[in-house]
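J.: Have a look at this one.
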Amino acid sequence: MKVSGFSFIKNAVRYGYPILPAIRSVLPLCDEFVIAVGDCQDGTRELIESLKESRIRILDTVWDESLKTGGRVLADETNKAFAAVAADSDWAFYIQGDEVMHERYLDTVRQAMTTYRDDPRVDGLLFNYYLSGDPMTMWGLPRDGTERKSGSSATTEAFIPTGMPRDSARGTIKSYA
């Protein structure tokens with residue numbers, strides 16, 4: 001079973017995004033991890049390189065500032081990273097730069113991936129998760145986004161994944177329950 005992790009990030013150092021813990025949290029499941037690093041001069045690329053991990057592949061990107069409205073640029077960057085995932089991967093594991101999967105769920109996720117890998121009714125896994133702390137200040141960012149606070153923190157935890165059934169007629173997600 002081949003698993004590719006992927007994400008995108010820009011200015012992680014400047015804004016205090018915990019991109020290294022995000023990557024590290026899913027790396028034990030991954031045969032490769034693709035990270036689209038936007039055009040930034042704050043040392044984000046060097047930060048990711050500091051992991052010195054051969055499974056991590058950095059994709060240098062330039063953000064299309066005309067897509068900022070409605071967060072379309074975030075979807076665009078996600079798509080760039082996803083497009084770079086190995087074509088022979090059985091699973092693509094997406095994690096955002098401000099998310100962390102708790103290590104106690106690694107075996108559960110791996111087992112679900114194995115269980116549902118060849119099930120034609122399943123397109124993906126659904127994770128129940130929660131945030132601990134104020135989501136607006138969870139990574140040290142104040143509500144107005146101006147400067148970092150010290151001492152604030154949050155935890156994102158994934159729980160038991162379940163298969164997401166596919167509507168075979170359309171190939172879309174039909175039900176989560």
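J.: Can you pull out the residues in segment 81-125 that are within 28 Å of THR61 (Cα to Cα) and among the β-branched types (Val, Ile, Thr)?
T.: Matches in segment 81-125: VAL85, ILE95, VAL100.
J.: Still on this model: Please go through segment 64-89 and give me each residue that is in a loop (DSSP other than H, G, I, E, B) and not aliphatic (A, V, I, L, M), ordered by number.
T.: Those that are in a loop (DSSP other than H, G, I, E, B) and not aliphatic (A, V, I, L, M): ASP64, LYS68, ASP88, SER89.
J.: On to the next question. Can you work out which of the residues in segment 1-44 that are under 25 Å from GLY124 (Cα atoms) and among the charged types (D, E, K, R) is surrounded by the fewest Cβ atoms within 10 Å (Cβ to Cβ)?
T.: Looking at residues that are under 25 Å from GLY124 (Cα atoms) and among the charged types (D, E, K, R), I get LYS2.
J.: Within segment 5-35, which residues are at pLDDT below 95 and polar (S, T, N, Q)?
T.: The one that is at pLDDT below 95 and polar (S, T, N, Q): SER25.
J.: When only residues in segment 45-92 that are of a type in the set (Val, Ile, Thr) and more than 16 Å from the chain's Cα centre (by Cα) count, which is surrounded by the most Cβ atoms within 10 Å (Cβ to Cβ)?
T.: In this case the residue turns out to be THR61.
The values are calculated or read from the model by the stated rules, or taken from the named source; none is laboratory data. The structure presented is a predicted model; accordingly, all values stated were derived computationally and were not measured. Every residue, glycine as well, gets a Cβ built from its backbone with ideal geometry; the counts of neighbours run over all protein chains shown.
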